[in-house]
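J.: Got a structure here, written out as structure tokens. Questions coming.
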Amino acid sequence: MSKLYFSYAAMNAGKSTVLLQASYNYIERGMRTLLFTSSLYAEPSAAKASWGKITSRIGIDARAELYGRDHDLHAWIAREHRKKKVSCVFVDEAQFLTRDQVWQLARVADRLGIPVLCYGLRTDFQGKLFEGSAELLAIADNLREIRTICHCGRKATMVVRRTPDGKALTTGAQVGIEKGMYLSLCRLHWEEETGSWQKPKSAKAARKQRPAAKASLRLAAANTRRPPRRAKR
């Protein structure tokens, strides 16, 4: 039975490399694959931006069909499958899928019998799920985390977006396709980078505050009027 797969990771974890290698394994055996990527990644040189390219940081790439938010992916793949058998479908930048498109891909696996492998980010620079990723996490048959590391050596699970001068952004549009502006971090350092976590005061600073607190209590006690003593009979 064919399945819907979702492989997710932070930036620069090698998602595209894994996708291209898996597609090549099919092609090497004489099978046809369909590759899709978001229309946000249209090749500038392509006529009317009708095709895109999936590119890996290690220098390999492959031509891909471009999908937008209005495309019916089930109908598209079914049409291609009627022309010539499709053995597997690969979707890069799957975080940009709509909820409906995720269900369309699920129907490709369930009703057309074609395995669908999706690759993308899980969360954005604010730590929030993308629409496509949220639906894939909910309904995909198989989930796989592709790991990368933070500068501290821990597993990187979060992404921070930076300005050209290196300042972390905490607001703005969810989608920004310039990959050089992103950095993958572990959750601990993402909180520190974005200012989501306020560092507690040190024990030394806390001790300095204690004498002042005691002094204010003594002053308050001194200003408190005591009731007069009753005379002895």
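The values are calculated or read from the model by the stated rules, or taken from the named source; none is laboratory data. Being a predicted model, the structure only gives us computed values, none of them experimental. Cβ placement follows ideal geometry from the backbone for every residue including glycine, while neighbour counts extend to all protein chains displayed.
J.: Are any of the residues in region 89-102 surrounded by fewer than 17 Cβ atoms within 10 Å (Cβ to Cβ), out of contact with any helix residue (DSSP H, G or I) (no Cβ under 7 Å at 6 or more places or on another chain) and farther than 20 Å from LEU129 by Cβ?
T.: No, region 89-102 contains no residue that is surrounded by fewer than 17 Cβ atoms within 10 Å (Cβ to Cβ), out of contact with any helix residue (DSSP H, G or I) (no Cβ under 7 Å at 6 or more places or on another chain) and farther than 20 Å from LEU129 by Cβ.
J.: So ARG63 ticks every box in (1) touching a Ser or Thr at 6+ places or on another chain (Cβ under 8 Å); (2) over 30 Å from GLY127 (Cβ atoms) but one. Which box is left unticked?
T.: For ARG63, the exception is condition (1).
J.: What are the pairs, 6+ residues apart or on separate chains, where a residue within region 82-111 that is in contact (Cβ under 8 Å) with a residue 24 or more places away in the chain and under 19 Å from ARG63 (Cα atoms) has its Cβ under 6 Å from a residue that is part of a loop (DSSP other than H, G, I, E, B) and among the aliphatic types (A, V, I, L, M)?
T.: Pairs found: VAL86/ILE114; SER87/MET31; VAL89/ILE114.
J.: When you check ALA64 against the structure, is it touching a Phe, Trp or Tyr at 6+ places or on another chain (Cβ under 8 Å), in contact (Cβ under 8 Å) with a residue 60 or more places away in the chain, of a type in the set (Gly, Ala, Ser) and buried (at least 23 other Cβ atoms within 10 Å of the Cβ), yes or no?
T.: no
So that you can scan it fast, the table gives a plain yes or no per residue for (1) surrounded by fewer than 19 Cβ atoms within 10 Å (Cβ to Cβ); (2) modelled with pLDDT of 95 or more; (3) charged (D, E, K, R); (4) within 30 Å of CYS186 (Cα to Cα):
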residue: MET1; (1), (2), (3), (4): yes, no, no, no
residue: ALA10; (1), (2), (3), (4): no, no, no, yes
residue: LYS15; (1), (2), (3), (4): no, no, yes, yes
residue: ALA42; (1), (2), (3), (4): yes, no, no, no
residue: ALA47; (1), (2), (3), (4): yes, no, no, no
residue: SER50; (1), (2), (3), (4): yes, no, no, no
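J.: Filter region 105-130 for residues that are surrounded by 20 or more Cβ atoms within 10 Å (Cβ to Cβ), in contact with a Phe, Trp or Tyr (Cβ under 9 Å, 6 or more places away or on another chain) and over 17 Å from LEU143 (Cα atoms) and give the result.
T.: ASP124, PHE125
J.: Within region 17-40, restricting attention to residues that are surrounded by fewer than 22 Cβ atoms within 10 Å (Cβ to Cβ), touching a helix residue (DSSP H, G or I) at 6+ places or on another chain (Cβ under 8 Å) and at pLDDT 95 or above, which residue is farthest from HIS189 (Cα to Cα)?
T.: It comes out as ARG32.
J.: So, in region 56-88, of the ones that are closer than 22 Å to ALA134 by Cβ and of a type in the set (D, E, K, R), which residue ends up farthest from the chain's Cα centre (by Cα)?
T.: Residue satisfying both the conditions and the ranking: ASP72.
J.: Okay, next question. Of the residues that sit in region 151-167 and are in contact with a helix residue (DSSP H, G or I) (Cβ under 9 Å, 6 or more places away or on another chain) and assigned to a loop (DSSP other than H, G, I, E, B), which one is surrounded by the fewest Cβ atoms within 10 Å (Cβ to Cβ)?
T.: Step by step, filter region 151-167, then rank; the result is PRO164.
J.: Right, another one. Name the single residue that is modelled with the highest pLDDT among those in region 158-194 being touching a Ser or Thr at 6+ places or on another chain (Cβ under 8 Å) and of a type in the set (S, T, N, Q).
T.: SER184
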